[in-house]
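Structure record follows, encoded as structure tokens.
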Amino acid sequence: MSIRTFSIAGLSTESGTRSAQVLDLTFAGVSTKFPLFVLCGEQSGPTVVITAGIHGAEYVGIEAAMRLAKVTNVAELRGTLVIAPVSSMTSFAKRAIYLAPPDNKNLNRCFPGQSDGSFAEQLANWIFENLIKRADAYLDLHGGDLNEALELFSIISITGNAALDDRSMQLAAAFGLPSIITSEVKGSTISAAGRAGIPAVLAEVGGQGMWPETDVQLMVDGLHGALASIGMVTLTLERKPTRIMEQMNWLRSENDGMFYPKCKVGETVVKGQIVGSITDYLGNPVQTATAPIDGTVMFLVTTLAINKGDPLLSVGA
Ligand SMILES: [Zn+2]
């Protein structure tokens, strides 16, 4: 068999081998580390890019990406796997939620990025140009942040290109998480991928700063399922039917203070139902949160601390 070489970000990897390197990158005058694995299968096949740690405290995806890089056997792999387990090292190292240092932007609202923008915009641009654009399929691993619990689901970004949307849907179904939300979050990784014609899935597992083995294994199983569906690995995992949701409705705090949730993730709620309350710093009630629509609680902030404008929870339907 002829030797193929896959080159990316100065890293050259021959078929049947793997590379692992921590890249030193500088954006807007700030240096950052970027761990990268390239696994070049002995046999030819598609190129799949997997990013995790776009939000640096969503640990299940980060650990699952590390695990996949470790356990995948290049002798049996068809195609090339490019794995970036900690895409936002500045937020991972600082355990930052939502917004990453040094420019305090949500990296997952900065895609496809800007080469002359702020740190996060340049990082997004680098990830998009060097990694995502090279992909035949793209998987981005997330979860609840340090302060959030969540229900298991995948999101696909609907582009209006039926053939492309169908491929994203098939990947998400093969990933096997119980719900699939079909909507576009502008500036997100998968929105930029979709606009570039690349099928993509954003998977959400775990939260609250924890990474229990059951959640990590669930994410690894999902990755295996998705890779198997496009012929990169051989696998027969039984897939349960998934539920499709067309919207995610976010509820936000109108006050600084304390948040007392009155629902759980995964709970079915009806429009108008009280799902939480907020008090000021003296314990006086200042806001009652009610479900905006009938649906399922998908995200829930679980910290007592809440700030004006922060998300409280989301309801999917
Ligand atoms: Zn995230």
**OP:** Nearest 5 is fine: what % of DSSP beta bridges in the chain come out antiparallel, could you say?
**Re:** 70
Original post:
Hey, if you drop one equal point scatterer on each alpha-carbon of segment 5-244 and run the Debye formula without solvent, what base-10 log of I(q)/I(0) do you get at q = 0.10, 0.11, 0.14, 0.18 Å⁻¹?
Top reply: -0.40, -0.49, -0.84, -1.47
Original post:
From the phi of every residue in segment 308-313, what ³J(HN,Hα) in whole Hz does the Karplus formula 6.51 cos²θ - 1.76 cosθ + 1.60 yield, where θ is phi - 60° and glycine or proline is x?
Top reply: 3, x, 5, x, 9, 6
**OP:** Starting from the amide H of T159, placed 1.01 Å from N in the peptide plane, find each other amide H under 5 Å away whose residue is 5 or more places distant or on another chain.
**Re:** D165
**OP:** Can you tell me the dipole magnitude for segment 247-316 around its Cα centre, using point charges on the Cβ only (Lys, Arg +1; Asp, Glu -1), in Debye to the nearest 20?
**Re:** 120
Original post:
Given F37, G144, A289, which one lies farthest toward the positive end of the charge dipole of the chain, if we put +1 on the Cβ of every Lys and Arg and -1 on the Cβ of every Asp and Glu?
Top reply: F37
Original post:
By how many degrees, between 0 and 90 and to the nearest 10, does the Cα long axis of helix 213-229 differ from the longest principal axis of the chain?
Top reply: 50
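Under a point-charge model restricted to the Cβ atoms of Lys and Arg (+1) and Asp and Glu (-1), what is the dipole moment magnitude of the chain relative to its Cα centre, in debye to the nearest 20?
240
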**OP:** Give, in nm to one decimal, the length gained when the segment between Y281 and S2 is fully stretched (0.36 nm per residue of separation minus the Cα-Cα distance).
**Re:** 93.6 nm
**OP:** Give the angle, between 0 and 90 degrees and rounded to the nearest 10, that separates the Cα long axis of helix 162-175 from the longest principal axis of the Cα atoms of the chain.
**Re:** 80
**OP:** Only loop residues by DSSP count here, and only those with at most 14 other Cβ atoms within 10 Å; note down the trypsin sites (Lys or Arg not before Pro) in segment 63-152 that meet that.
**Re:** R95
**OP:** Could you tell me how many degrees, from 0 to 90 and to the nearest 10, lie between the Cα long axis of helix 59-71 and the main elongation axis, the longest principal axis, of the Cα atoms of the chain?
**Re:** 20
**OP:** Using a Förster distance of 22 angstrom, determine the FRET efficiency expected from the C-beta separation of Q217 and N73, and round it to 0.05.
**Re:** 0.80
Original post:
What nm value, rounded to one decimal, do you get for the distance between A305 and E246 when each label is placed 7 Å out toward the C-beta?
Top reply: 4.0
Original post:
Taking 0.36 nm per intervening residue step and subtracting the Cα-Cα distance, what contour gain separates L99 from L11 on full extension?
Top reply: 28.8 nm
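Quick note: the coordinates plus some simple rules give every number you see, no bench work behind them. The structure presented is a predicted model; accordingly, all values stated were derived computationally and were not measured. With ideal geometry, Cβ positions are generated from the backbone for all residues, glycine too; neighbour counts draw on all protein chains shown.
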